[in-house]
Amino acid sequence: MTIRIRLGLILMLIVPLVCSAEVIVDGAAIANEADGRNWTSYGRTYSEQRFSPLDQINADNISQLGLIWSLDLPGENGLVSTPLAVDGVLYFTGKFGNVTAVDVLSGKMIWRHDPGAIAAAGDRLRVMWGTNRGAAFWKGKVFVGTADGRLVALDANTGEQVWSTMTVDPRTPLYITGAPRVFNDKVIIGNGGAEVGAVRGYVTAYDTATGKQVWRFYIVPGNPADGFENDAMAMAAKTWTGEWWKYGGGGTVWNAITYDPEFNLIYLGTGNGAPWNQKIRSPGGGDNLFLCAIVALDADTGEYRWHYQTNPGETWDFNSAMDIVLAEIEVGEKPLKVILHAPKNGFFYIINRENGELLSAKPFAKVTWATHIDMKTGRPVEVPGARYPAGEVTMWPGPFGAHNWHPMSFNPKTGLVYIPYHDLAGYYNDTKIRPAEWRHEGFNFNVGVADFQDDIPADAGTSGLMGWNPLTQNAAWKVANPGMWNAGTMTTAGNLVFQGRADGKFLAYRADNGDKLWTFDTKLGISAPPITYQIGDTQYVSLLVGWGGGIAMAGGSLGAQHGWVYGRHPRRLLTFALDGEAKLPDTLPPQYVTPMDPPAFVIDEQRAIAGGNLYGKHCAWCHGSGAVAAGGTPDLRASQLFLDLGALEQVVLNGALHANGMPKFPSLKSDDLISLQHYVRKKARKALLAEN
């Protein structure tokens, strides 16, 4: 469905819509580092540096930066998208993969396309968070991956669908949250889902004009009895043991894809194993290629060229799906074309992008699972017990990573990389799991270690922003951030680095030393990274504001501490320029949930235990660890539904709220709802007792 907004004849005459053929976005445009007028790709250019050469807004005049307009976005929830700016029009993605086009000069919506992902999703609605990180632009078309697994091409002028292709088997729990990339008249997309089913990851390249498949590359090998698609899969199969294909294997490419025009290579940042626990999926060990790796492919054919694996035989959700940044730096007084990569595992890697040679690797955050990276072998030196051989371990980092998907940026002028980092431990426990008996329960969170039945305390971890020097592999500066889920960064030639925070503050720092120069209160937690671009003589900065992503969904009290209660704060697109004087509309301050606890309700402890097991599998993925919602969905402890079993049945078993994005769970029974009710009531009562 496409909604078009007619701006009126007078406005059309004064401010003509600038979505036109004047700007041709092709490979030359996306590769052009020197032209800051547009933001044409997810990371601005193919390098994914998120560096702009614009300097009209700079460290000397940043105090004059002000809001010029804001646009409320009704119906949106967790906004995490990087907008594109092309010829005066912003294109951004929202809930389940819808796309909106907005005229920058007027701040008005031009069109909005809803791909109907909720209606198309079927059972996959149970595993789709609904967030989407961005679109791609190529020769007059906008490309978006929808939550239900389609890749859609839209006419950039009208928002009308040009073509659509299903990229996944609808019977599987695969979905899309990441941004496509475009190159050589091809558009490439991956998928996610390795936590919720027997998933085998892959990427697919399609023809931008027709949507026809050009090539596909699988990340992990399938059943040897079926034969291998290529020599790379045959090689990878030698690093797996047992009957791994029955578990899927994992390796989904859900975020990082970088095209290198100099070598005509595609670099893939690959995901974790399915399930996480290697004792289950590959019981005899092995490196399990190509999990948690950077894999280089020929961009024209999809043929394997090289790989570097950050976590051989991964067993912690230490995926390498974090951004892959291209740069040229001096290594041993010799300029080299390199990859800069800061994955979940806490090490910062510098890799020769021509051949995959590891050049350097040092920890950038708290790391206790390994002592260092052996430069002779390129492999981590793990500490005893890291693989929880006795059944449990607590270590740093954990599944949320030392750095998650929130993009870092690289400023060639300062030589620094700006990383939104985390220090949060992970607890892994498989003492109640028998690997030989473990089975996937499709479309449910099931990773082979303990799930999210217990809350994550608000003070469980810390975070910050650092300016990291890749030449010395040390932090040049650090600033502390609130909470644990602060947004990605953008840096400019004006000696600035921008970042939004979980507490709703949007800040600019001096890029060379980290001094805080400017703050704007957006009135809601920020998860999306900003962009900058120029129209005429004016430089603009735009940002989507809408608390979302992993901590906002499954984060429990760690995410809930900021007060962004579901449905109470408007989502917005904000645009800034020098001397802007606009004000935000009135907005509620942070709110906090008050759980309901009917005194007459008698909690059955055995029911509550059974309900906790059900909650961890079916509910925590969206409604939060320990039944504490972090703002992305309603808090069930304060829900009237959990006081009325009849109403609860209509919603959970029969899908009464399906159109709103609440899936139905046909595998559950009325008796299961009673157990869930006792678990939620127990958690509500515990919270109220703690407050008193």
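Spin-label model, Ala647 to Val383: label points 7 Å out along the Cα-to-beta-carbon direction sit 4.9 nm apart.
Based on Cα contacts under 8 Å between residues 6+ apart, the chain shows a relative contact order of 13 percent. Residues Val367, Val545, Val23, Val338, ranked from the fewest to the most other C-beta atoms within 10 Å, line up as Val23, Val367, Val338, Val545. Placing a label point 7 Å from the Cα of Asn230 along the Cα-to-Cβ direction, the residues of the stretch 192-212 with a backbone N closer than 12 Å are 203-205.
In plain terms, the chain from Glu33 to Arg171 could stretch by 45.5 nm, reckoned as 0.36 nm per residue minus the Cα-Cα distance. The ranking of His618, His372 by Cβ neighbour count inside 10 Å, starting from the fewest, reads His372, His618. Taking Lys334 as the anchor, which lysines have their alpha carbon closer than 25 Å to its alpha carbon, excluding any fewer than eight residues away along the same chain? Straight-line reach from Lys334, under 25 Å: Lys362, Lys376, Lys413. If the chain linking Asp671 and Asp604 were pulled fully straight, counting 0.36 nm for each residue of separation and taking away their Cα-Cα distance, it would gain 22.8 nm. Of all lysines in the structure, those lying under 20 Å Cα to Cα from Lys366, and not within fewer than 8 positions of it along the same chain, are Lys344, Lys478.
For the pair Asp207 and Ile24, label points projected 7 Å from Cα toward Cβ lie 2.0 nm apart. When Lys212, Lys95 are arranged by Cβ crowding within 10 Å, least crowded first, meaning fewest neighbours, the order is Lys212, Lys95.
Could you tell me the distance between the Cα centroids of the stretch 48-92 and the stretch 665-692, to the nearest Å? Value for the Cα centre distance between the two parts: 42 Å.
Across the stretch 546-563, computed HN-Hα scalar couplings (Karplus, 6.51 cos²θ - 1.76 cosθ + 1.60, θ = phi - 60°) run x, 3, x, x, x, 5, 5, 9, 9, x, x, 5, 4, x, 6, 4, 7, x Hz from first to last residue, x flagging Gly and Pro.
Of all lysines in the structure, those lying under 21 Å Cα to Cα from Lys664, and not within fewer than 8 positions of it along the same chain, are Lys95, Lys617.
Work out which chymotrypsin sites (Phe, Trp or Tyr not before Pro) in the chain are exposed loop sites (DSSP not H, G, I, E or B, at most 16 other Cβ within 10 Å) and give the longest gap free of them. Between exposed loop sites, the widest span is 229-591. Calculated mean residue ellipticity at 222 nm for the chain: -3000 deg cm²/dmol, from DSSP H runs with n ≥ 4 weighted as -39500 (n - 2.57), summed, divided by the residue count and rounded to 500.
Values in this text are rule-based calculations from the coordinates and carry no lab data. As the structure is a computational prediction, the values presented were derived from the model and not from experiment. Backbone-built Cβ (ideal geometry, glycine too); neighbour counts: all protein chains shown.
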